[in-house]
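Presented below is the structure to which this report refers.
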Amino acid sequence: ATPTSIMVGTGRAAELGILFRQGEALQSLKEVGIVALDKTGTLTKGRPDLTDFVVAPGFSETDVLKLVAAVESRSEHPIAEAIVEAAKRKGIPLATTESFDAVPGFGVSATVEGRKVDVGADRFMTKLGYSVAEFVTTAERLALEGKSPLYAAIDGRLAAIIAVADPIKPSTPQAIAALHALGLKVAMVTGDNSKTAKAIARQIGIDEVVAEVLPDGKVDTVKRLRDKFGKIAFVGDGINDAPALAEADIGLAIGTGTDIAIESADVVLMSGDLRGVVNAIALSKATIRNIR
Ligand code: ADP
Ligand code: MG
């Protein structure tokens, strides 16, 4: 590749809101066989809403939501914001918490008004020794609707199942169709529930789903997908996407995402619109054609 063709290519990319932090990425992007995308904040808006709240017998929704929102007010996870927002909408005042603890990829715990509160994924409840059996049917229904089921336990008893749903970005289905038209495989990588991830994947035409990935498991996922499908591009926005962005042959960060993701990436997409990924690959192909 000539320096001139790279300059023309990166210049054209910049006009499209695609920043190549490395000229080499413009050349290697065309060789990619699979594009793997983080779900939350990349395929979806990253702003979930609380959609369902089902309490176990003997618990009141208002009481449980008050305790759960208090714990979540200490967390920065998008799920936490959705729950705090729902409590606010209902006019529930925020209680104060003690001994807050977050377990990344699992959930959060704290003491609220003398009561022990745990909120998180089914694997968090299992880890703490609580059974989620009574909510299995509800959880399945919610997951099939593309919602993420969470559980709340109070003083060691399962108190509620809570669902949040994160809207898919309007441009996502089109971007996936365009990647398929370029002959690429498309994968989703997420820490979310496996059934939820599969339901969303089905809606938007994703080929491969890797779900319930722990925060430090994304690098291994990138390696496994590369073994199976060849050169890999990874697209993400979060702190826990940074190692996967670095591990991938090409890392593409969403410019509205976290600084650490941007710093770990080869390419930065100025907007969250995933058609930027398609444009970046198309430009790579066009640049190479001009050279030969
Ligand atoms: P993702 O970014 O894909 O959601 P995370 O590793 O951040 O992945 O979280 C994985 C799962 O852990 C979430 O889907 C949720 O079930 C649970 N979890 C994490 N943080 C919280 C929280 N603050 N409140 C409730 N559940 C949480
Ligand atoms: Mg994300």
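Taking residues in segment 116-136 that are basic (Lys, Arg), and partners anywhere that are more than 16 Å from ligand 2 (Cβ to nearest atom) and not in a strand (DSSP E or B), the pairs with Cβ atoms closer than 8 Å and at least 6 places apart or on different chains are Lys116/Asp155; Lys116/Gly156; Arg123/Phe106; Lys127/Phe106. Just to be sure I understand, how many residues within segment 239-273 are surrounded by fewer than 17 Cβ atoms within 10 Å (Cβ to Cβ) and closer than 22 Å to Leu214 by Cβ? The number of residues fulfilling the criteria is 3. Applying the condition of being under 19 Å from Val136 (Cβ atoms) and touching a residue at least 12 places away in the same chain (Cβ under 8 Å) to segment 46-63 and asking which residue is nearest to ligand 2 (Cβ to nearest atom) yields Thr51. Within the option set Leu182, Leu214, being loosely packed, with under 15 Cβ neighbours inside 10 Å, within 15 Å of ligand 2 (Cβ to nearest atom) and over 19 Å from Gly257 (Cβ atoms) holds for one residue only, Leu214.
Residues that are at pLDDT 95 or above and within 11 Å of ligand 2 (Cβ to nearest atom) within segment 246-259 comprise just one, Ala253. Flag set for Ser171, criterion: in contact with a helix residue (DSSP H, G or I) (Cβ under 6 Å, 6 or more places away or on another chain) and farther than 13 Å from Val55 by Cα. Whenever a residue of segment 24-45 is over 15 Å from Glu247 (Cα atoms) and near ligand 2 (Cβ under 10 Å from one of its atoms), its partners that are among the acidic types (Asp, Glu) and not in a loop (DSSP other than H, G, I, E, B), lying with C-beta atoms within less than 9 angstrom and at least six residues away or across chains, give the pairs Gly41/Asp241; Thr42/Asp241. Count of segment 26-54 residues, restricted to those that are surrounded by fewer than 23 Cβ atoms within 10 Å (Cβ to Cβ), in a helix (DSSP H, G or I) and over 22 Å from the mean Cα position of the chain (by Cα), is 4.
Let's see how each residue does on (1) part of a loop (DSSP other than H, G, I, E, B); (2) over 26 Å from Gly183 (Cβ atoms):
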site: Glu212; (1), (2): yes, yes
site: Lys218; (1), (2): no, no
site: Thr221; (1), (2): no, no
site: Arg224; (1), (2): no, no
site: Ala233; (1), (2): no, no
site: Ala244; (1), (2): no, no
site: Gly251; (1), (2): no, no
site: Ala261; (1), (2): no, yes
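Residues that are away from ligand 2 (no atom under 16 Å from the Cβ) and not aliphatic (A, V, I, L, M) number at least 3 in the following strands (runs of 3 or more DSSP E) confined to segment 86-179: 97-103, 107-112, 115-120.
The values are calculated or read from the model by the stated rules, or taken from the named source; none is laboratory data. Here the structure is a predicted model, which means the values were calculated and not measured. Neighbour counts run over all protein chains shown; Cβ positions are idealised from the backbone, glycine included.
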